[in-house]
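Structure record follows, encoded as structure tokens.
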Amino acid sequence: MGWIRLKASFGVDRLEQGGTHPYDASVKEESTEHIEVVNTHDDPASLSPARTYPFQPKSIPEASLPFISASIVVAQKIGKRKEQRTWIVVDNIVYDCADFVHEHPGGNDVIESFRGEDCSWQFWRFHNKEHLKEIGGSLRVGRTKGVKNRFPEPKQFIGSSIIGSSDEW
């Protein structure tokens with residue numbers, strides 16, 4: 001928010017040239033107008049995710065979590081590590097693991113490698129709903145849609161058959 005001072009000559013010159021003052025043709029003296037700076041977040045990297053998207057209470061249902069666009073989530077893997085949060089996505093829920101990453105039993109590299117990405121199928125290979133509820137519930141910051149997993153999920157086999165396949169021998 002700020003103020004701009006319009007010089008008297010601005011209005012006088014325009015009036016002398018047959019124009020009109022932008023607000024009133026009778027205004028020929030200096031005036032002050034109120035202006036306000038409005039920032040739009042066209043650049044997702046310009047957002048401060050820690051301040052903009054705080055941790056959500058466990059009591060809030062997933063459908064009521066704030067929506068975070070995919071471009072903002074993906075922006076977390078770009079830029080300086082100190083300025084970005086360690087966000088990962090599991091089943092379209094965004095988790096901020098920046099403080100948890102050093103406590104992760106599999107090491108911080110596992111989580112860091114999925115910063116700003118979806119890691120749903122990888123997560124479910126090693127964890128269950130209790131892990132997610134116990135630890136992940138307090139790390140939720142929002143929900144999203146459209147964040148991609150860079151690895152296609154491989155088919156799962158039991159013996160010689162594919163899980164979910166209707167082919168019978």
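Identify the residue in region 101-127 that is hydrophobic (A, V, I, L, M, F, W, C) and within 14 Å of Val90 (Cβ to Cβ) and, among all such residues, is farthest from the chain's Cα centre (by Cα).
To start, the set of residues in region 101-127 that are hydrophobic (A, V, I, L, M, F, W, C) comprises 101, 110-111, 114, 119, 121, 123-124, 126.
Now narrow it down to the ones that are within 14 Å of Val90 (Cβ to Cβ): 110-111, 114, 119, 121, 123-124, 126.
On the way: Val110: 21, Ile111: 17, Phe114: 15, Cys119: 16, Trp121: 21, Phe123: 21, Trp124: 23, Phe126: 26 Å.
By that ranking, first place goes to Phe126.
Scan region 51-70 for residues that are farther than 11 Å from Asn92 by Cβ, charged (D, E, K, R) and touching a residue at least 24 places away in the same chain (Cβ under 8 Å) and jot them down. Steps first, answer last, please.
Pass one, region 51-70, residues farther than 11 Å from Asn92 by Cβ: 51-61, 64, 66, 69.
Those left that are additionally charged (D, E, K, R): 51, 58.
The one that is farther than 11 Å from Asn92 by Cβ, charged (D, E, K, R) and touching a residue at least 24 places away in the same chain (Cβ under 8 Å): Lys58.
Any read-out appearing in this document is the output of simple, stated calculations on the displayed coordinates, not a laboratory observation. From a predicted model like this one, the values you see are computed outputs, not experimental measurements. Positions of Cβ are generated from backbone atoms using ideal geometry, with glycine treated the same way; all protein chains shown enter the neighbour counts.
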